[in-house]
Amino acid sequence: MAAGARVWTAVMDENSPTYAPVDRRFSVAPMMEWTDRHCRYFMRLMSSRALLYTEMVTAAAVVHGDRTRLLGFDPAEQPVALQLGGSDPAQLAAAARIGEGFGYREINLNIGCPSDRVQSGRFGACLMAEPDLVARCVDAMQDAAGVPVTVKCRIGIDDQDAEQDLDRFVSAVADAGCRTFIVHARKAWLEGLSPKENRDVPPLDHDRVHRLKRRFAGLEICINGGIETVAEAEDHLAFVDGVMMGRAAYHNPYLLAEVDARIFGEGRGPARNREDVLERYIPYAERELACGTRLHHLTRHILGLYHGQPGARAFRRRLSEEGARSDAGIEVLKECLAHLRDARMHMPPVAAE
């Protein structure tokens, strides 16, 4: 984010929506270098109910770094949760307290990231081997913050038993007061696989997460990993309390327009169609550009808006090429919107989206 960029944060008081219950029936996963504040604002234009997560932020960065840059967000993004990484209970407690002060509805502890960088810092998926330490971290975070503290983990790491060891981990952390676990239905192999390979190579075991819910019926168990459509999310909700979707929601974001109606039983999301999403995004982009944000940082998240639609490739190419120019301005988005509307006017009539 450019220096001096305009950042909004929610204000906390006893009447703040931050204290309203968090509905986790559908959420979008925290994804490094993807789910920044521009991405979350864009996604909120398609669903008013999906719970959105920040990228993982280390507790040390929150405590010692530029908090406004790291944690600032527009209230329009709500409901939004903060994901933290770390393994020092006192530092995580301080970061959780700060995150609550910024208005986040939930503080999530990352126990799932398999990258070498987080292992060297003793946090992420490697902590599945230390349930007692995770329990102490959660206990300290809950003492420090008044919003829910949740844990995102894997079904196991390396040679762990995905049945007994996962049950042992969840039991220990639940005993510390954690009531919500978001479980990526793959093991993480910390030796032999890259972070990218860990997203695809270990086999999915959705049934293991379903069994975890049966074993811990009193806990809120949400499933993550390999869920591609809202229809699949609906199917999983017969067995678990919530579904977290990751890359599918990023690469094909307009599927979020189905979420409010199909998952939450409400009317269709805020946008009438894809052009409406783009039109609603333009005022936000104008504000950010005026504060020094480069257009590329705003357009890179919307490349998938026309995923699977006629003209999708041209849409991506235009935004990628023109939006990357150092002098690119809002006219790139406005011209793109005008072109799309003209194309829609000349298309044969189709059923409403």
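Rule-based calculations on the coordinates, nothing more; no lab input. Computed from a predicted model, the values in this text were never measured in an experiment. Positions of Cβ are generated from backbone atoms using ideal geometry, with glycine treated the same way; all protein chains shown enter the neighbour counts.
Distance from the Cα centroid of region 31-105 to that of region 188-210 is 25 Å (rounded to whole angstrom).
Taking a straight Cα-Cα cut-off under 20 Å and skipping sequence neighbours fewer than 8 places away in the same chain, the aspartates and glutamates within cross-link reach of K213 are D23, D161, E163, D165, D167, D175, D205, E232, E234, D235, D241. Of all aspartates and glutamates in the structure, the ones whose alpha carbon falls short of 13 Å from that of K196, not counting any fewer than 8 places away in one chain, are D116.
Here the sum of -39500 (n - 2.57) over DSSP H runs of 4 or more residues, divided by the residues of the chain, equals -11500 deg cm²/dmol at 222 nm, to the nearest 500. Short-range pairs are left out: with C-alpha atoms under 8 Å and at least six residues apart, the relative contact order of the chain is 17 percent. Bridgeable aspartates and glutamates around K334 (alpha carbons under 20 Å apart, same-chain partners fewer than 8 residues away excluded): E275, D276, E279, E286, E288, E321, E322, D342. As a proxy for reagent exposure, S326, S115 were ordered by neighbouring Cβ count within 10 angstrom, fewest first; the result is S326, S115.
Expressed in Å, the radius of gyration and Dmax of the Cα atoms of region 274-345 are 11.5, 35.
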